[in-house]
Structures are given as C-alpha cells and as structure tokens.
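Report on the following structure.
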Amino acid sequence: MAVVFDPPRIVTIPVKGGGEFPVRRVYCVGRNYADHIREMGKDPEREPPFFFLKATDSIVTNGADVPYPSRSSNVHHEIELVVALDRGGKNISAANANACVFGYAVGNDLTRRDLQIQAREAGRPWFTGKGFDASAPVSAISRRADVGDLAMGTIWLKVNGVERQCADIADLVWSVPEIIAELSTLFELAAGDVIFTGTPAGVGPVVRGDVVEGGIDRLEPLITRII
Ligand code: MN
C-alpha cells in the first residue's frame, strides 16, 4: 500500500520481562473511588461508571519527561491502576472479563483541572482537560500470568518524595471485571486497549520540576518528571 507519508509511530508500552505492548485505545473511567468523588464535589452514589478517551499517542513511558501542557495553570496528578487487554469483544460478562486482561500497570491520568472543570460546568466534553499530549504516563506492564488477578493492594503517589495519594484498589467503586463488562456494552473491546480505572482522593497540582512517583503493590513503579 502506498501511504502518502511515513505512518505515525506505533505506540507501545514496555512489558516486564520483555516485549512491547502495542496500544490501540486508551479508555479512562471517571469517579471510581468514593473519597475522590466527594473531593470533586459530587455524590458517591453507585451510578454506572462513565468513560472518556485519551489519544493513544498521549502515552508516556516510565522515566520520560512530561512537558507541562499549554493553556493550563492547574495541572493535576491522578494515580490509577491501568489494565491492559490482549483479548476483547462485545458484551463480555464480568465473570469472563479477567480472561481478557494481559496485565496491569501504574498510570497517571494527568488533567488540566481548570479546563476540565470549565467543560464540566458548561456540559461540554472533557477532551481538552484530559486528552492532551503526554497526558498518560504509564509504567511497564506486569503480566497477569505473573502477578495474578489484581483486586487489592496499596496505590500511592508522591510528588518530590511527599505522599499525596494513598488508598487501596480494593476500594474501587466498580471493580476491574465490572468496568470491562460495562465498557464492552458500549464499545467492542480489542487487544491493545488499555483502561485507566480511576483515581483515589488526594489529587492536586504539579509544577515544572516536580518528580512524580507512583506505585501499586506487585506492579512496576512509575516515575516521571514534569518539565
Ligand atoms: Mn482519572
């Protein structure tokens, strides 16, 4: 096939133990820990999860510098469990969902909070607040075959060594299998899809020069610097 210019680079995430995970789509879940829902001024009643996308090429791998994005003066960190799929489909049951999981990683759903809140209040899409360049740092993926089904474990984030977020992924309002099941009723999921599963309380601003470090028990840590 004669493409008219060099194709865009394939976005990949390193896999612990070797290999690269090719990324198809980056799905994100909004409001999935009760204490974070409260800090964002909303009611943590268990409503169906809601979703948004980040651009696939907004992925930043561990150790890379993250440029502070344009048009914002309030960029927030959001530490999240990331699920990487190597199988997909439509209408996947929660009971079968873990069989679609290739592995897990630690992600930071970087957010232009000022633009996100403006959009939220105006009833507009979150895209400029959430989907900007380099908005999705992700650690190396640990294979589910190595770490098992991840349903509990401490999730934490530090900025310049000071703890900002600390919770347990057992406190997810919607579990990983429930998220996959719900998402698969809206979109046909496929190998290469990754899902950011939501952040616990403690979100806050980052500035240029900050070293942002996050982790989840049994997973590879995520360290990036804001420049
Ligand atoms: Mn988030």
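The values are calculated or read from the model by the stated rules, or taken from the named source; none is laboratory data. None of the values given here were measured: they were computed from a predicted structure. Every residue, glycine among them, receives a Cβ derived from its backbone with ideal geometry; neighbour counts consider all protein chains shown. Quick note on the areas: whole protein, heavy atoms, side chains included, nothing else; ligands and nucleic acids left out. Shrake-Rupley method; radii C 1.70, N 1.55, O 1.52, S 1.80 Å.
Any chance the range 80-102 includes a residue that's within 14 Å of the ligand (Cβ to nearest atom), assigned to a strand (DSSP E or B), open to solvent by 10 Å² or more (accessible area, probe 1.4 Å) and in contact (Cβ under 8 Å) with a residue 12 or more places away in the chain? Looking through the range 80-102, none of the residues is within 14 Å of the ligand (Cβ to nearest atom), assigned to a strand (DSSP E or B), open to solvent by 10 Å² or more (accessible area, probe 1.4 Å) and in contact (Cβ under 8 Å) with a residue 12 or more places away in the chain. Filtered by the rule that a residue be closer than 14 Å to G198 by Cβ, of a type in the set (D, E, K, R) and at pLDDT 85 or above, the range 32-67 gives D35, R38, E39, K54.
Can you find a residue that is open to solvent by 40 Å² or more (accessible area, probe 1.4 Å), touching a residue at least 60 places away in the same chain (Cβ under 8 Å) and either within 14 Å of the ligand (Cβ to nearest atom) or under 19 Å from D193 (Cβ atoms) (or both) anywhere in the range 117-136? There is at least one residue in the range 117-136 that is open to solvent by 40 Å² or more (accessible area, probe 1.4 Å), touching a residue at least 60 places away in the same chain (Cβ under 8 Å) and either within 14 Å of the ligand (Cβ to nearest atom) or under 19 Å from D193 (Cβ atoms) (or both).
Rundown of residues vs (1) of a type outside the set (A, V, I, L, M); (2) open to solvent by less than 50 Å² (accessible area, probe 1.4 Å); (3) touching a Gly at 6+ places or on another chain (Cβ under 7 Å), yes/no style:
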position	(1), (2), (3)
P7	yes, no, no
V11	no, yes, no
R38	yes, no, no
P44	yes, yes, no
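Scanning the range 188-201 for residues that are open to solvent by 10 Å² or more (accessible area, probe 1.4 Å) and either without any contact (Cβ under 8 Å) to a residue 60 or more places away in the chain or among the acidic types (D, E) (or both) yields a single hit, E188.
Tell me, which residue of the range 30-79 that is β-branched (V, I, T) and under 12 Å from the mean Cα position of the chain (by Cα) is nearest to the ligand (Cβ to nearest atom)?
Looking only at the range 30-79, we keep the residues that are β-branched (V, I, T), and these are 37, 56, 59-61, 66, 75, 79.
Subsequent filtering for residues that are under 12 Å from the mean Cα position of the chain (by Cα) retains 56, 59-60, 79.
Numbers: T56: 17, I59: 15, V60: 15, I79: 9 Å.
The residue in question is I79.
Of the set (1) touching a residue at least 24 places away in the same chain (Cβ under 8 Å); (2) within 16 Å of the ligand (Cβ to nearest atom), all apply to K16 but (2).
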